[in-house]
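Down below is the structure, laid out as structure tokens.
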Amino acid sequence: MSAAEAPAKKETQVIAIYGKGGIGKSFTLANLSYMMAQQGKRVLLIGCDPKSDTTSLLFGGRSCPTIIETSSKKKAAGEAVAIGDVCFKRDGVFAMELGGPEVGRGCGGRGIIHGFELLEKLGFHDWDFDYVLLDFLGDVVCGGFGLPIARDMCQKVIVVGSNDLQSLYVANNVCSAVDYFRKLGGNVGVAGLVVNKDDGTGEARAFAEAVEIPLLAAIPADEDIRRKSANYEIIGRPGGRWAPLFEGLGHQVAVAPPLRPKPLSQEALLGLFKGDAVGRGVTLDPATAEDMRGGVAALQRPSLEVVYEGA
């Protein structure tokens, strides 16, 4: 077969998911990736959080050996890392964890950068998947965790949030990062917002409208979901009660364009909530030097400065 007759290589959609810690990114991605695989898609799920818990739901609570830890052990033994050492599969989903340094022993963001360098050595750019889903924590202040946005390593970003100020604050920061790098010529956009533990109060929906990104799905605050997730059960199974939710999310993720969001100011973000819940109207009362000393005026203390006569 000539080069002209060879089938064109399909374009892989690389999607980074961000959100506040504990908001449900890993839960959402595990169920979404499972549903996509059941629909015949080739899906690779990569955990990009030092906690290394992205894939635990997919594997029934069992944790995967991380790429960084495995690489260190193999290097010490004079061996090379193989795909089978770090990538595992279940029910059609391929999954791996980048990992990171132990607590207090290094920079998590630098660990993510090192993890991606190792992925490239393993042939990341030659792999054949329909979707690569990257699970990041929302602290994009760190350059390592903002790597996909800053270096156009993904086409689009999905934000996971809820109807609380803290999660929407993180979501707004992610939108700010995307907007900033768009100004610098970047191409990454936001595909939309997934609302997790939706209690119907509407703040997350209002946020999505305000920053001009679509609402991809609203996962309800339901006891059945909470209980099954706590027991490491996938709820996004075809034919199950919650199947339509993740089928719809899978479709939205596939077709949603990468949009440039319009991040909110702090005041505008607070404006999505009731004043008594977020402290609007509170006046900032400046402190004085006397306040800091318990109301005591400053004392004249002898100076420690050395003064040279005739200088």
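The values are calculated or read from the model by the stated rules, or taken from the named source; none is laboratory data. Given the structure is predicted, the values throughout are model-derived calculations rather than measurements. Note that each Cβ is placed from the backbone with ideal geometry, even for glycine, and that neighbours are counted across all protein chains shown.
What are the residues in the range 148-166 that are closer than 14 Å to residue 269 by Cα and either modelled with pLDDT under 95 or in contact with a Ser or Thr (Cβ under 9 Å, 6 or more places away or on another chain) (or both), if any? Listed by number, the residues that qualify are 161, 163, 164, 165, 166.
Confirm whether residue 247 is modelled with pLDDT of 95 or more, out of contact with any Cys (no Cβ under 8 Å at 6 or more places or on another chain), over 30 Å from residue 90 (Cα atoms) and surrounded by 14 or more Cβ atoms within 10 Å (Cβ to Cβ). Considered against the rule, which asks whether it is modelled with pLDDT of 95 or more, out of contact with any Cys (no Cβ under 8 Å at 6 or more places or on another chain), over 30 Å from residue 90 (Cα atoms) and surrounded by 14 or more Cβ atoms within 10 Å (Cβ to Cβ), residue 247 comes out as no.
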